[in-house]
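Participant: Submitted below is the structure of interest, expressed as structure tokens.
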Amino acid sequence: MKVGLTGFPGAGKTTVFNALTG
Amino acid sequence: NLGVIKVPDARVDALAAIYQPRKTTYAEVSFVDFPPARSAPERRTVLDAATVAQLRDADALVEVVRGFPDVAGAPPTPAADLESFAAELVLADLAVIEKRLERLKKEKGHERERALLERLAPSLEAGTPLRTLGLAPEERALLAGFAFLSLRPLLVVLNVPEAAAAVPLPEEVAARARAEGAEAMALSARLEAEIAELEPADRDAFLADLGLAESARARFIRASYALLDLISFLTTGEDECRAWPIRRGTTALKAAGKVHSDIERGFIRAEVIAYDEFMRLGSEAKCREAGKL
């Protein structure tokens, strides 16, 4: 099962991704 | 950009403490960090085709929304951002339906599909995400091939400054998420990154100082697991204690197939102990004696 992280630029999506999966 | 998160499970920890297995395996959820959503150049409100294709490939969506001032110092507008993102998903779905209905005009049959799509189109035109319509399982099955974005389970994550990490989700964001049939939570990605750097032993004290009962990571993982409508069944023994993810409502036969396809093929019955009963009675033998197996 795959969850995709999305959002508008500047929302900090990649920071969220790194903080939660790192 | 793919990340795999282990789903924390206190039941697995407790069973592993009893059985001391050689291996302990938690359920896992995969996360993909998609490139930022971009508007198609010719129509500002529509996501570009590449982004739409990526989103369709996911089983559920997490939408990260800005809850802090932008680089120019402009205050966040999370409810408006949510609304415009939802509108983009709705428009992408509407385009798919219009195209399909156009094609169905030239084809015979497909009456149920046509009727359903004709019923959904006005909702989308009114800006209503498909996930809020309470579609019946057989209707969802009819729509499965379309991979509609506004039907995907959605978790809204409001990314707030560190100082606001313990503040409840603003009501306007919660209300907006409810209107879209989405789950919502607030977290501070920056704070989570700091927590991740700490020694596990120091984390609880750090969280308590901030007025937080647990890290947002744990809440996020649980919310994502629920979003996918996954539950775990557990197996345990000397070799391995393991949580197996299955969709809620999966039959024992199919669940057995997760462990091994041979078990699904040769399935006769499953002997199951409810976790709480096992913990209360302490062993498989005692559960059997008590008729709880």
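We did not get these values from a lab; they are worked out from the coordinates using the rules stated. All of these numbers come straight from a predicted model, not from anything done at the bench. Positions of Cβ are backbone-derived with ideal geometry, glycine not excepted, and every protein chain shown enters the neighbour counts.
Participant: Could you give the nm distance between label points at B:H110 and B:A226, where each point is 7 Å from its Cα heading toward the beta carbon?
Facilitator: It is 3.8 nm.
Participant: Over 20 Å, how big is the tail of the calculated P(r) for the stretch B:216-293, in percent of all Cα pairs? Each step should come with its number before you reach the end.
Facilitator: On the way: 1359 of 3003 pairs.
When all Cα pairs of the stretch B:216-293 are counted, 45 percent exceed 20 Å.
Participant: Now for a different question. If you count, for every residue in B:75-84, the Cβ atoms of partner chains within 10 Å of its Cβ, what is the mean? Could you put the intermediate results ahead of the total?
Facilitator: Values: counts 0, 2, 0, 1, 0, 0, 4, 1, 0, 1.
Rounded to a whole number, the mean comes out at 1.
Participant: Taking the Cβ of B:K286 as the center, what net charge do the other residues with Cβ under 10 Å away carry, scoring Lys and Arg +1 and Asp and Glu -1?
Facilitator: Working: positive: B:R280, B:R288, B:K292; negative: B:E277, B:E284, B:E289.
Residues close to B:K286 contribute a combined charge of 0.
Participant: Continuing with this model, one more query. Angle, helix B:216-227 long axis vs. longest principal axis of chain B, Cα atoms, 0 to 90°, nearest 10?
Facilitator: Taking Cα atoms only, the helix is inclined about 80 degrees.
Participant: Let me ask something else about it. Place a point 7 Å from the Cα of B:F206 along the Cα-to-Cβ direction; which residues of the stretch B:138-179 have their backbone N under 13 Å from it?
Facilitator: No residues fall inside that zone.
Participant: Cross-link partners among lysines for B:K254, C-alpha distance below 25 Å, same-chain residues fewer than 8 apart left out?
Facilitator: Answer for B:K254, where 25 Å is the Cα cut-off: A:K2, B:K6, B:K23, B:K292, listed by chain and number.
Participant: Quick one, can you get me the convex hull of the C-alpha atoms of chain B expressed as volume per residue in Å³?
Facilitator: Dividing the Cα hull volume of chain B by its residue count gives 192 Å³.
Participant: Quick one: length gained pulling B:T251 to B:A213 fully straight, 0.36 nm per residue minus the C-alpha distance? Present the calculation step by step, with values, prior to reporting the outcome.
Facilitator: Values: separation 38, 0.36 × 38 = 13.68 nm, distance 3.55 nm.
Gain on extension, B:T251 to B:A213, equals 10.1 nm.
Participant: Between B:D57, B:D204, B:D262, where does the largest GNM mean-square fluctuation fall for chain B, given springs only between Cα atoms within less than 10 Å?
Facilitator: Judging by the Gaussian network model, the answer is B:D262.
Participant: What ranking of B:K105, A:K13, B:K292, B:K254 emerges when the number of other C-beta atoms within 10 Å of each C-beta is taken as an exposure proxy, fewest first?
Facilitator: Working: B:K105 7, A:K13 26, B:K292 16, B:K254 13.
Exposure proxy ranking, most exposed first: B:K105, B:K254, B:K292, A:K13.
Participant: Highest GNM mean-square fluctuation, chain B, Cα pairs closer than 10 Å: which of B:A252, B:A136, B:A92?
Facilitator: Result for chain B, Cα springs under 10 Å: B:A136 fluctuates most.
Participant: How far is it, in nm, from the label point at B:E172 to the one at B:D239 when both lie 7 Å from their Cα along the line to the Cβ?
Facilitator: 5.7 nm
Participant: Assuming a ≥ b ≥ c are the square roots of the Cα gyration tensor eigenvalues, decide whether the stretch B:108-264 counts as rounded (a/c under 1.5), prolate (otherwise, with a/b larger than b/c) or oblate. Write down the numbers at each step before the final one.
Facilitator: Working: a/c = 3.82, a/b = 1.27, b/c = 3.00.
Because a/c hits 1.5 or more and a/b fails to exceed b/c, the stretch B:108-264 counts as oblate.
Participant: Right, here's the next one. For the residues B:V173, B:V96, B:V62, B:V160, what sequence is obtained by ranking on other C-beta atoms within 10 Å, fewest first?
Facilitator: Values: B:V173 21, B:V96 18, B:V62 30, B:V160 26.
By the 10 Å Cβ count, ascending: B:V96, B:V173, B:V160, B:V62.
Participant: Using a 10 Å cut-off on Cβ to Cβ distances, tally the other chain neighbours for every residue of B:90-99 and report the average as a whole number.
Facilitator: Values: counts 0, 0, 0, 0, 0, 0, 0, 0, 0, 0.
For this peptide, the per-residue mean of nearby foreign Cβ atoms is 0.
Participant: Which translational diffusion coefficient, to the nearest whole µm²/s, is obtained for the protein assembly as shown from the Stokes-Einstein equation, given a Kirkwood hydrodynamic radius over C-alpha pairs, 10 °C and 1.306 mPa s?
Facilitator: For these conditions, the coefficient is 72 µm²/s.
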